[in-house]
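Here's the structure we're looking at; comments come further down.
The values are calculated or read from the model by the stated rules, or taken from the named source; none is laboratory data. Not measured: the values here are computed from a predicted model. FYI the Cβ positions are ideal-geometry reconstructions off the backbone, even for glycines, and counts take in every protein chain you see.
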Amino acid sequence: MARSRSAPGVPFLPDWLYALLFPQPATGLDDFGRILIQAMVEHRILVDVTHMSAQAIDDTLALLDEVDPQRAVPLIAGHSACKMDGPQYNISDAHIKAIAGRRGVVGLIACEHWMGKGLKKPKTFSDTVDIVCRHIDRIHQAAGSDEVAAIGSDQDGFIKPTLPGLETPEGYTQLETALVDRYGAKTAERICSGNALRVLEYWRGRP
């Protein structure tokens, strides 16, 4: 039984072909998916909407509002990118705003396909910084805050081709330096670690 309707998540397959090869259920979350999310909240497991379709994200948000009307429980997109008229895998401004409403984060993936779709093909690390910052700025605009953008590389996932310079964890030291130059030390620290750590520490000290 499907847990949720998935967004196309294979970089070398266009959305239409993914849908043909992997038919999706009509609903966003099925009954078992709802049970799983309720159990995750109960057992203090973060809910990650990466790979969910827009409909599944909407269903997840509605369910969280039922079980947590105070919107205290954070929600994340652990390795994603801003839609910007791009693939279905990428996350919309409305969903970024909803994640911000739950004090969650959107972690930016290091995959060229998701981050660079519709943009000039990146060839240098400088090109990578420009693309990452384009997505950071879009998250800041949609969320109305600098507390939502984060780094969610998916380094151990299927991210080939990787954004130039981010092929290994070593590249993130250089990225942090570039973000300090672009946004200042305080905001860069939030993007590189602070925002994600705040979410991960949410349950600390809670009953």
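Quick look at the values:
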item: Filter pass, Asp137 being part of a loop (DSSP other than H, G, I, E, B) and surrounded by fewer than 22 Cβ atoms within 10 Å (Cβ to Cβ); result: no
item: Out of Asp154, Asp93, sole residue that is out of contact with any helix residue (DSSP H, G or I) (no Cβ under 7 Å at 6 or more places or on another chain) and in contact (Cβ under 8 Å) with a residue 24 or more places away in the chain; result: Asp154
item: Among residues of the range 112-132, those that are in contact with a helix residue (DSSP H, G or I) (Cβ under 9 Å, 6 or more places away or on another chain) and buried (at least 18 other Cβ atoms within 10 Å of the Cβ), counted; result: 9
item: Residue in the range 1-21 that is surrounded by fewer than 18 Cβ atoms within 10 Å (Cβ to Cβ) and modelled with pLDDT of 95 or more present; result: no
item: Criterion (crowded, with 22+ Cβ neighbours inside 10 Å, touching a Lys or Arg at 6+ places or on another chain (Cβ under 9 Å) and over 22 Å from Glu167 (Cβ atoms)) met by exactly one of Ile57, Ile96; result: Ile96
item: Residue check for Val132: over 21 Å from Pro11 (Cα atoms), in contact (Cβ under 8 Å) with a residue 24 or more places away in the chain and in contact with a Leu (Cβ under 8 Å, 6 or more places away or on another chain); result: no
item: Any hit, the range 72-83, residues being of a type outside the set (Val, Ile, Thr), surrounded by fewer than 19 Cβ atoms within 10 Å (Cβ to Cβ), over 30 Å from Thr162 (Cβ atoms) and at pLDDT below 95; result: yes
item: Residue list for the range 57-71, restricted to those being free of Cβ contacts under 8 Å to residues at least 12 places away in the same chain and assigned to a loop (DSSP other than H, G, I, E, B); result: Pro69, Gln70
item: Which listed residue is in a helix (DSSP H, G or I) and over 25 Å from Glu42 (Cβ atoms), from Lys97, Lys121; result: Lys97
item: Long-range neighbours under 6 Å by Cβ, at least six apart or interchain, first residue farther than 14 Å from Glu167 by Cβ within the range 107-129, second part of a helix (DSSP H, G or I) and of a type in the set (Gly, Ala, Ser); result: Val129/Ala178
item: Pair list, Cβ under 8 Å, 6 or more apart: the range 159-185 residue on the phi > 0 side of the Ramachandran plot, other residue small (Gly, Ala, Ser); result: Gly165/Gly171
item: Residue pairs meeting the criteria (Cβ under 7 Å; at least 6 apart or on separate chains; first of a type in the set (Lys, Arg), in the range 17-39; second in a helix (DSSP H, G or I)); result: Arg34/Leu63
item: Single condition Ala188 does not satisfy, out of (1) in contact (Cβ under 8 Å) with a residue 40 or more places away in the chain; (2) within 24 Å of Leu46 (Cβ to Cβ); (3) crowded, with 17+ Cβ neighbours inside 10 Å; result: (1)
item: Selection count where residues are assigned to a loop (DSSP other than H, G, I, E, B), surrounded by 15 or more Cβ atoms within 10 Å (Cβ to Cβ) and not small (Gly, Ala, Ser), scope the range 28-51; result: 5
item: The range 155-201: number of residues that are under 19 Å from Ser145 (Cβ atoms), part of a loop (DSSP other than H, G, I, E, B) and touching a Lys or Arg at 6+ places or on another chain (Cβ under 8 Å); result: 0
